[in-house]
Amino acid sequence: MDPFPQAALDEIARSVGAAAVEALAELPSTSRYTKERAEVIAATLPYVIVAQRQTAGRGRGDNAWHATDGALTFTAVFDQASLPIPLQRWPQASLMTAVAVAEALETLVPDESIFVKWPNDIYCRGRKLCGILLERTDSPRPMLHLGIGVNVNNSLAAAPQEVQDRAISLVEMSHHEFFLPDVLLAILQRMQANFALCADRLIPLADAWRSRCLLLGRKVEIQSGEQTIVGICGGIDDSGALLVNSPTGVRRILAGVVTRF
């Protein structure tokens with residue numbers, strides 16, 4: 001059975017106003033695919049590409065994303081005309097998307113608590129459920145590529161032990177499989193709603209990410225540029241910055257990588 005019937009993809013495109021929603025059997029990386037084909041994709045935005053199997057997915061930096069059959073891996077591409085967020089605020093789309101994914105997944109597993117690990121990972125039961133990678137290209141014009149990988153129907157039993165210890169999937173929590181196009185549609189609809197909600201400012205989502213902040217109260221280590229910041233996480237403020245109570249006072253971190261928590 002085709003996990004992404006064309007009729008379902010067409011319905012998703014109509015529902016969210018995408019110019020095209022496509023699925024391919026296998027790709028090394030959906031984000032790499034959209035970046036390499038930016039010149040072509042620019043004519044059909046918003047554009048969504050889904051890979052039934054992703055063989056070389058990656059997260060931030062050099063991190064790999066372990067994805068097996070049954071995972072939902074896709075990249076959504078926007079430009080200034082198709083995204084209600086001003087160009088200078090595009091980096092904030094990472095947190096907006098993280099909240100959108102958490103909200104969408106909560107509708108699928110309503111008995112679970114879904115958390116956001118600032119700025120863009122999704123956790124449940126203390127293990128990673130989804131990763132988000134935001135990238136920008138500027139040719140032929142500025143384009144935002146939002147790569148998302150969600151553990152949905154994929155069993156992690158065959159994954160390396162370290163992946164099993166730190167990752168989880170929806171099927172493992174619910175004990176039943178999901179129709180992947182339904183999961184994709186739920187996420188894209190919440191993304192669309194959150195982008196519109198935060199067109200002018202982030203504050204409308206502040207309560208949503210504060211209540212889902214995985215790092216709150218934990219000792220964290222953040223790599224921000226050349227700096228390593230260590231302290232107790234005080235949550236996320238209205239601007240989307242991570243607050244860290246360090247020995248030198250409260251630090252507001254607008255961009256960085258959580259290396260320990």
Of the residues in the range 189-208, those that are under 24 Å from Leu45 (Cα atoms), in a helix (DSSP H, G or I) and open to solvent by 70 Å² or more (accessible area, probe 1.4 Å) number 4
Top-ranked residue of the range 146-189 - restricted to ones that are touching a Cys at 6+ places or on another chain (Cβ under 8 Å) and of a type outside the set (A, V, I, L, M, F, W, C), ranked as nearest to Ile132 (Cα to Cα): Gly149
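State yes or no: is Pro119 of a type outside the set (S, T, N, Q) and surrounded by fewer than 16 Cβ atoms within 10 Å (Cβ to Cβ)?
So Pro119 fails the test.
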Scanning the range 76-109 for residues that are charged (D, E, K, R) and assigned to a helix (DSSP H, G or I), which turns out farthest from the chain's Cα centre (by Cα)? Arg89
What residue, among those in the range 1-37 that are farther than 14 Å from Ile148 by Cβ and polar (S, T, N, Q), is least open to solvent (accessible area, probe 1.4 Å)? Ser15
By residue number, the members of the range 122-132 that are in contact (Cβ under 8 Å) with a residue 40 or more places away in the chain and open to solvent by less than 20 Å² (accessible area, probe 1.4 Å) are Cys124, Leu129, Gly131
Within the range 1-40, take every residue that is over 22 Å from the mean Cα position of the chain (by Cα) and part of a loop (DSSP other than H, G, I, E, B) and give me the one that is farthest from Ala100 (Cα to Cα). Met1
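Kindly provide the set of residues from the range 209-261 that are part of a helix (DSSP H, G or I), in contact (Cβ under 8 Å) with a residue 40 or more places away in the chain and open to solvent by 20 Å² or more (accessible area, probe 1.4 Å), ordered by number.
Passing the criteria: none in range.
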Filter the range 141-181 for residues that are part of a loop (DSSP other than H, G, I, E, B) and of a type in the set (S, T, N, Q); the one that is surrounded by the fewest Cβ atoms within 10 Å (Cβ to Cβ) is Ser155
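The values are calculated or read from the model by the stated rules, or taken from the named source; none is laboratory data. Predicted model only: the values in this text are computed from it and were never measured. Cβ coordinates were reconstructed from backbone atoms using ideal geometry, including for glycine residues, and neighbour counts include every protein chain displayed. In case anyone asks, the SASA skips ligands and DNA or RNA and just uses the protein heavy atoms, side chains included. Shrake-Rupley method; radii C 1.70, N 1.55, O 1.52, S 1.80 Å.
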